[in-house]
Amino acid sequence: MRKPFVAGNWKMNTDSHTSVKLVERIACGSEETAGQSITVAVCPPFVYLQAVAKALSSSSIAVGSQDVYFEREGAFTGEMLKDVGCSYCLCGHSERRHVIGESDELINKKVAAAIAGGLLPILCVGELLEEREASQTNEVVTRQVKEGLAGLIAEKIQAVTIAYEPVWAIGTGLTATPEQAQEVHDFIRKLLGQMYNKKLAGEIRILYGGSVKPDNAADLMSQKDIDGSLVGGASLKADDFLAIIQAAV
Ligand code: PEP
C-alpha cells in the first residue's frame, strides 16, 4: 500500500537557468504519474530552491532541501525551507555524515526539527565499504536508525521516509544488487516494527540510493521492501530521471 517515491538529489550541480530547465522537463515528462501513482521530489541546491519551487508551482512534483538546521532562528530552519516551497528535506546524507562529520545526535536533532517545522524528513542511512566487508551493515544501520529517530513517537514517524544508501554505492557506479538491498530494507522494516509497531513499519517508505540508473532501477524497485529511490547523478538528466520514475510506478 506504500506509494512509490523517487527523489533526486542534485547536490551542488546546475545553475539558475539549468535548474529551472531541468525541472520543467521532469514536470512535463511525469505529468501523468507524479502525485497520482508516485511521489516525486527534487532536492536542488539551496540557492535555487525558490526558483525551482516556483517553476513547479502548478506541478505535483515536490521540492526538498539537501539539509536542514535544527535551530528555529538563523539560516536553514524548517520554517524557512517551508517558506521557499520545500516539503521534504534530506537528513544525514552520507556526504554530511562522512565529509562534514555530522553525528547521529545532530542528525536526530535535524529530523526532529524538520518534523516540528512541518517538513517531511528523508533520513539517510548506510554503511561504509569496510563496514560491509566486516559484516557490520546491520549494526551500523541499527545505530543510525535508532539514534536518528531517538525520542520520536509513532505519530511523528509517519512523516519520515528512510533512504538506505550504502556509502560504497554512492556516486561510484557500484550498485547493491537487488537482493543485497532488499535484505537491508527488510532488516530496517523489521527494526522499525520493533521500535514502533508492525503496522507503522509497513507504512514507512524505505528508498534505496546508490548509483540508481535507468538500467538497474526496475530490478531494484521490484523488491518487496524497496519503495523507490534517492537518485544522485542520474537525477541531473531529465530522461534518466524520468525513466527511473517510470520504473518505480
Ligand atoms: C546520492 O547522492 O544520494 C546518490 C545516491 O548518488 P548517486 O545516485 O549518484 O550514487
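Here are the numbers for the structure shown:
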{"read-out": "Filter result (open to solvent by less than 40 Å² (accessible area, probe 1.4 Å) and over 16 Å from Arg205 (Cα atoms)) within the range 142-152", "value": "Thr142, Gln144, Leu152"}
{"read-out": "Residue pairs meeting the criteria (Cβ under 6 Å; at least 6 apart or on separate chains; first polar (S, T, N, Q), in the range 84-104; second open to solvent by 20 Å² or more (accessible area, probe 1.4 Å) and part of a strand (DSSP E or B))", "value": "Ser87/Leu120"}
{"read-out": "Helices (runs of 4 or more DSSP H) lying entirely in the range 35-137 (those with 3 or more residues that are open to solvent by 10 Å² or more (accessible area, probe 1.4 Å), modelled with pLDDT of 95 or more and within 20 Å of Leu22 (Cα to Cα))", "value": "49-55"}
{"read-out": "Qualifying positions in the range 167-177 - assigned to a helix (DSSP H, G or I) and within 9 Å of the ligand (Cβ to nearest atom)", "value": "Ala169"}
{"read-out": "Asp240 vs. criteria away from the ligand (no atom under 15 Å from the Cβ) and acidic (Asp, Glu)", "value": "no"}
{"read-out": "Any hit, the range 178-199, residues being assigned to a loop (DSSP other than H, G, I, E, B), within 17 Å of the chain's Cα centre (by Cα) and within 15 Å of the ligand (Cβ to nearest atom)", "value": "no"}
{"read-out": "Top-ranked residue of the range 88-138 - restricted to ones that are over 21 Å from Phe187 (Cβ atoms) and among the hydroxyl-bearing types (Ser, Thr, Tyr), ranked as nearest to the ligand (Cβ to nearest atom)", "value": "Tyr88"}
{"read-out": "Which numbered condition Lys156 fails, given (1) closer than 18 Å to Gly228 by Cα; (2) surrounded by fewer than 18 Cβ atoms within 10 Å (Cβ to Cβ)", "value": "(1)"}
{"read-out": "Filtered residue count, the range 157-166, keeping only those that are closer than 13 Å to Ser211 by Cβ and more than 16 Å from the ligand (Cβ to nearest atom)", "value": "0"}
{"read-out": "Residues located in the range 1-26, provided they are open to solvent by 20 Å² or more (accessible area, probe 1.4 Å) and part of a helix (DSSP H, G or I)", "value": "Ser16, His17, Thr18, Val20, Lys21, Glu24, Arg25"}
{"read-out": "Selection count, the range 200-216, where residues are in a loop (DSSP other than H, G, I, E, B), open to solvent by less than 50 Å² (accessible area, probe 1.4 Å) and either farther than 28 Å from Leu152 by Cα or among the polar types (S, T, N, Q) (or both)", "value": "2"}
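The values are calculated or read from the model by the stated rules, or taken from the named source; none is laboratory data. None of the values given here were measured: they were computed from a predicted structure. Every residue, glycine among them, receives a Cβ derived from its backbone with ideal geometry; neighbour counts consider all protein chains shown. With ligands, DNA and RNA removed, areas are computed over all heavy atoms of the protein, side chains included. Shrake-Rupley method; radii C 1.70, N 1.55, O 1.52, S 1.80 Å.
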